[in-house]
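Below is one structure, written out as structure tokens; the observations come after it.
The values are calculated or read from the model by the stated rules, or taken from the named source; none is laboratory data. Fair warning: this is a prediction, and the values are worked out from it, not measured in the lab. Quick reminder, even Gly has a Cβ in these numbers, built from the backbone with ideal geometry, and neighbours come from all protein chains shown. Side chains are part of the model used for accessible areas, which takes the heavy atoms of the whole protein and leaves out ligands, DNA and RNA. Shrake-Rupley method; radii C 1.70, N 1.55, O 1.52, S 1.80 Å.
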Amino acid sequence: MTRARPAVLAVALLAAACSDDPAEPTLSNDDVAGTYNMTVLAFDPQGVLPEMNVLVRLNTTPQLILTTSGTAQVVFLDPISGLFRTIGGTYRTTTTGVRIDFNASSLYRELLLSRRMEFTHSGPAAGPKTLTFNAAAPDGVNRTRLLQLVPEWVTEQLLDPAPGNLRISFST
């Protein structure tokens, strides 16, 4: 009976290795690495107000830089303070794009971003590429910052953080 256990274990491991459901390949860091310009930054606070194009309020084009070593960085000129801001983080590729984790102490909320976001990748590795996010903001958006960028909403009763749909696009 003791000899049968290793044989059963070997058959089970072999069966698992020959599964009919292989894991889908993920994109490589080389596929997604590059410097991307933000082309869309829009927020809709749960349909209670019309979607606002926040990117035009920044008066600048934030850039996302993804390196082949897995680091992510967003650089932008803050229209409120007039200072350049850097948001640091890391990323890992998925089957359809990248999952970015911004550092907890970084300024990701200054651009209405959430700490962890998953972007869909499109485009060839050697040509123009796009990363998009279009879903509920995972952490909501910082109400104070939102009202700095969209002062006409100051009389609205928005939660903090403000839940809603966030649309973001970065393109090379």
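Report summary: the helix-based calculation at 222 nm, which adds -39500 (n - 2.57) for every DSSP H run with n ≥ 4 and divides by the residues of the chain, gives -4500 deg cm²/dmol.
Would you compute the Debye intensity of segment 110-172 from its alpha-carbon atoms alone, equal scatterers and no solvent, and pass along log10 I(q)/I(0) at q = 0.14, 0.18, 0.20, 0.22 Å⁻¹ to two decimals? Per q value, in the given order, log10 I(q)/I(0) is -0.48, -0.69, -0.79, -0.88.
Near Arg116: Cβ cut-off under 14 Å, other residues only, Lys/Arg at +1 and Asp/Glu at -1. The net charge is +1. Build a GNM of the chain with springs between Cα atoms under 10 Å apart, and of Glu110, Glu118, Glu152 the one that fluctuates most is Glu152. Using a cutoff of 8 angstrom between alpha carbon atoms and counting only pairs six or more residues apart, the relative contact order for the chain works out to 23 percent.
Per-residue SASA remark: Asp160, around 100 Å² accessible (1.4 Å probe; ligands, DNA and RNA not included). Once the 1.4 Å probe is applied to the protein heavy atoms, the chain comes out at 55 Å² accessible per residue.
Surface composition of segment 42-144: carbon and sulfur atoms hold 51% of the protein heavy-atom accessible area at a 1.4 Å probe.
Ratio of Rg to Rh for the chain: 1.17 [Cα atoms; Kirkwood radius as inverse mean 1/r over pairs]. For Arg85, the solvent-accessible surface with a 1.4 Å probe is about 60 Å², rounded to the nearest 10.
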